[in-house]
Structures are given as structure tokens and as C-alpha cells.
Amino acid sequence: MEIRVPKEIFRELKNKDIEALIRKSLQKAELTLQAEEEGFLKEKKKKLKEQLKNMEEEYEELMEFYYKALKDRDFMMKKRDELKRENQELRKELEAKRREIENENKNKA
């Protein structure tokens, strides 16, 4: 690797401990990377919390729908039983009327 530096800066660097400067710069770079990583993790955590909240809301909606469906099913089953009983009663009445009409026809004949 080759680094080109203007003469003035080279003269200044000659009098300084380059290795110390690099170490100091590396420490700053590490701190910057850590801060960026923390920021990234905080943002990711925020997004995950938001996603969890949305999932909890959807779960609640699904549970409400489920319980409503159960109630509706029970209501429909009761209605079906009521209609079934009513249908049986109407058939009995119809059968009784039919017999009555048949008996009247037999009596007339």
C-alpha cells in the first residue's frame, strides 16, 4: 500500500509518532463502528417491537373473529333445530289433513 502526502504534511508527520496516530484513529474508528452497530441494533429492535405489536393486534382480531364465529355457529345450530322441529310439526299436520281428506273421500264414496 502506498500513501502519497504533500511535503508540508510529510514534514509534520515526520516529527510525530505515526503508530500512535494510527492506534488513536483505530480507536475512534472502533468507537464509530460500535455506535453505528448500536444504532442499527436499536433500529432493528424498534422495528421488531412494532412488528410484534402488529402481530398481537392481528392475533386479537383473529380471536375476536373466532369467538364471534363460535357464537354464530351456536346460533345457527339452534335455529336449525328450531326449523327441524317446526318442519316435523308441519309434516304431522299435513299428514293429519291428508288422512282427514282421504277419510272424507272414502265416506263420500
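No lab work stands behind these numbers, since they all come straight from the coordinates. Only a predicted model underlies this, so the values are computations on that prediction, with no experimental measurement involved. Ideal geometry is used to build each Cβ from the backbone, glycine not excepted, and the neighbour counts take in all protein chains shown.
Here is how the numbers come out for the structure above:
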quantity: Lone qualifier among GLU2, GLU8 - being among the charged types (D, E, K, R) and either assigned to a loop (DSSP other than H, G, I, E, B) or surrounded by 10 or more Cβ atoms within 10 Å (Cβ to Cβ) (or both); calculated: GLU2
quantity: The range 19-30 residues that are loosely packed, with under 10 Cβ neighbours inside 10 Å, paired with ones that are in a helix (DSSP H, G or I) and among the β-branched types (Val, Ile, Thr) (beta carbon under 9 Å, 6 or more apart); calculated: none
quantity: Residue check, LYS49 in a helix (DSSP H, G or I) and basic (Lys, Arg); calculated: yes
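Here is a yes/no grid of residues against (1) exposed (fewer than 10 other Cβ atoms within 10 Å of the Cβ); (2) over 27 Å from the mean Cα position of the chain (by Cα); (3) among the aromatic types (Phe, Trp, Tyr); (4) in a helix (DSSP H, G or I):
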residue: LEU33; (1), (2), (3), (4): no, yes, no, yes
residue: LYS45; (1), (2), (3), (4): no, no, no, yes
residue: TYR59; (1), (2), (3), (4): no, no, yes, yes
residue: LEU62; (1), (2), (3), (4): no, no, no, yes
residue: TYR67; (1), (2), (3), (4): no, no, yes, yes
